[in-house]
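S.K.: Please find one structure pasted underneath; my questions will follow.
The values are calculated or read from the model by the stated rules, or taken from the named source; none is laboratory data. What you are looking at is a predicted structure, and each value in this text was computed from that prediction instead of being measured. Cβ sites come from the backbone with ideal geometry, for glycine too, and all protein chains shown count toward neighbours.
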Amino acid sequence: MRYQQSDPDVRLMLRVKEDDAAAFETLVRRYQTRLVRLMQHMGPREMAEDLAQETFLRVYRARTRYEPGAKFATWLYTIAGNVARNANRSAGRRNEVIEVDAPLGNDSAGGMMLASAATDESGMMPTRLVEKTERADIVRQAIEQLGSRQRMALMLSRFENLSYAEIAEAMGLSSKAVKSLLSRARVNLREILQPYIDAGVIPQEPK
């Protein structure tokens, strides 16, 4: 009842449960772009749109069993994570770093982190960090080098604004584990970005 009252998407999904096609179309419109972006980070890049579609298909097939035990987004991303993991296993890329091509703006976690890490003692930013386009591309390349779980936790935290508890539910982890993942992701990003901050050395694209 709590989620029905607080989350309009839960109410839409309950209508989907009653075979309301219009409600399902509304959910697809709301989450399509966000889900494709997530899949670009989590699954084989060239399959991002197909994986997003597969996620929506699973949502629809599960409609009669749906119970609102969490925010709709949390439930959706739990399914999306399973779809991405299955795709990676099928492609034989379970332990491979997946390429990403979604541009990351100055408001991204990495962009903010780069800006913070790059500020010198005087509070000024190096000239080479002025261009937003360059910064976004550098951050994208750095995020490509994170492990898949760190990328997913970062995406759900910074782009979807999920809490530790919600990310934990979506990823099948404890809140403590999620907090640790995010902490390691920030540390790893700083280490990857440091050569660029210090000497303008651009992070290498993963092979």
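S.K.: Quick test for you: out of Glu18, Glu25, Glu46, Glu67, pick the one residue that is within 22 Å of the chain's Cα centre (by Cα) and over 20 Å from Phe159 (Cα atoms).
M.R.: Sole residue among the options that is within 22 Å of the chain's Cα centre (by Cα) and over 20 Å from Phe159 (Cα atoms): Glu46.
S.K.: Given the criteria farther than 10 Å from Val83 by Cβ, assigned to a helix (DSSP H, G or I) and in contact with a Lys or Arg (Cβ under 8 Å, 6 or more places away or on another chain), does Tyr3 qualify?
M.R.: yes
S.K.: Let me ask you something else. I'd like to check which helices (runs of 4 or more DSSP H) are fully inside segment 136-207 and have at least 2 residues that are modelled with pLDDT under 80.
M.R.: Output list reads 175-199.
S.K.: Still on this structure, I have one more. Identify, from the list Arg2, Arg29, Arg11, the residue that is among the charged types (D, E, K, R) and surrounded by 15 or more Cβ atoms within 10 Å (Cβ to Cβ).
M.R.: From the options Arg2, Arg29, Arg11, the qualifying one is Arg11.
S.K.: Now for a separate question. Could you list all residues from segment 165-193 that are within 14 Å of Gln145 (Cα to Cα) and polar (S, T, N, Q)?
M.R.: Selection gives Asn188 alone.
S.K.: Output the residues belonging to segment 22-37 that are among the aliphatic types (A, V, I, L, M) and at pLDDT below 95.
M.R.: Across segment 22-37, the qualifying residues are Leu35, Val36.
S.K.: May I ask you to list the residues in segment 151-165 that are crowded, with 21+ Cβ neighbours inside 10 Å and either over 15 Å from Arg186 (Cβ atoms) or more than 8 Å from the chain's Cα centre (by Cα) (or both)?
M.R.: Selection gives Leu162 alone.
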